[in-house]
1. Go through segment 69-90 and give me each residue that's over 19 Å from the mean Cα position of the chain (by Cα), more than 19 Å from Asp124 (Cα to Cα) and surrounded by 12 or more Cβ atoms within 10 Å (Cβ to Cβ).
2. Looking only at segment 74-107, which residues are modelled with pLDDT of 95 or more, assigned to a loop (DSSP other than H, G, I, E, B) and closer than 25 Å to Asp136 by Cβ?
3. Looking only at segment 89-104, count how many residues are out of contact with any strand residue (DSSP E or B) (no Cβ under 9 Å at 6 or more places or on another chain) and among the charged types (D, E, K, R).
4. Filter segment 120-134 down to the residues that are more than 14 Å from the chain's Cα centre (by Cα) and not β-branched (Val, Ile, Thr), then identify the one that is nearest to Lys60 (Cα to Cα).
5. Given the criterion within 25 Å of Ala67 (Cβ to Cβ), of a type in the set (A, V, I, L, M) and without any contact (Cβ under 8 Å) to a residue 24 or more places away in the chain, identify the matching residue among Ala160, Ala189, Ala88.
6. Of everything in segment 39-55 that's hydroxyl-bearing (Ser, Thr, Tyr) and surrounded by 17 or more Cβ atoms within 10 Å (Cβ to Cβ), which residue is farthest from Ala173 (Cα to Cα)?
7. Quick check on my filter: what residues within segment 131-151 are among the small types (Gly, Ala, Ser) and either touching a helix residue (DSSP H, G or I) at 6+ places or on another chain (Cβ under 6 Å) or crowded, with 16+ Cβ neighbours inside 10 Å (or both)?
8. Select from segment 108-130 the residues that are in a loop (DSSP other than H, G, I, E, B) and not aliphatic (A, V, I, L, M) and write down the one among them that is surrounded by the most Cβ atoms within 10 Å (Cβ to Cβ).
Amino acid sequence: MEQENNQGCPEIADAYIFVDLETGGLNPDKHTILQIAAVITDLDLKIQDSFITYVKPHPKLETTKDALAINQIKLADLESAPDEPSVARALHQFAHIGGKRARFAGYNCKFDLTFLNNLWQRHDIFEPPYLVPWLDVYDLAKTKFTYDAGLPNFKLVTVAAQLGIDTSGAHNAGADITMTIEVARRLRALPDRSGAAILETSKF
């Protein structure tokens, strides 16, 4: 269900906010956020504005060597990055640009949403500045491909490459969010896969 306003009526999203995170690991209760990228699009997936920042690691959360090896972020480069409360305020303000009510979107959304939910809980002056149900492009890909037998997996870079999209710069939040939006645009143009389940998260 969509979120409801103060009168108990469902709120209808008039934009998408695509979000991608780079984190210090896979556990949102244990690992810190290192980078956040967000892009607001209209309902036709035309980019309206963008936000990207590195984040100084939270002092009580951890960063693993494995995560840094994947995202190629150096902790020394984060020493001068804004701290988490500053980033939370900036992201919250960004999400309300133009007074739009944005529906959360991304690739494998549950991962990013869980980390963001913890972010808002750590700074309880904020409420999540987006609407759900989310649009998960990962789920959407599974409803669209008719030739997916040749795909080894549905990772973002795999699907993007299959669609002829440049995958250079992968595992940087800014590059990944740009890639995700282009994947969504191209998937929208494809017919639904025969027999594919119609997912609420894929309706767009």
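The values are calculated or read from the model by the stated rules, or taken from the named source; none is laboratory data. Owing to the predicted nature of the structure, the values given are computational and were not obtained by experimental measurement. Every residue, glycine as well, gets a Cβ built from its backbone with ideal geometry; the counts of neighbours run over all protein chains shown.
1. Within segment 69-90, Leu75, Leu78, Ala81 qualify.
2. Within segment 74-107, just Tyr107 meets the criteria.
3. 1
4. Checked segment 120-134; the qualifying residue nearest to Lys60 (Cα to Cα) is Arg122.
5. Result of the check over Ala160, Ala189, Ala88: Ala160.
6. Residue satisfying both the conditions and the ranking: Thr41.
7. Selection gives Ala141 alone.
8. Residue satisfying both the conditions and the ranking: Tyr130.
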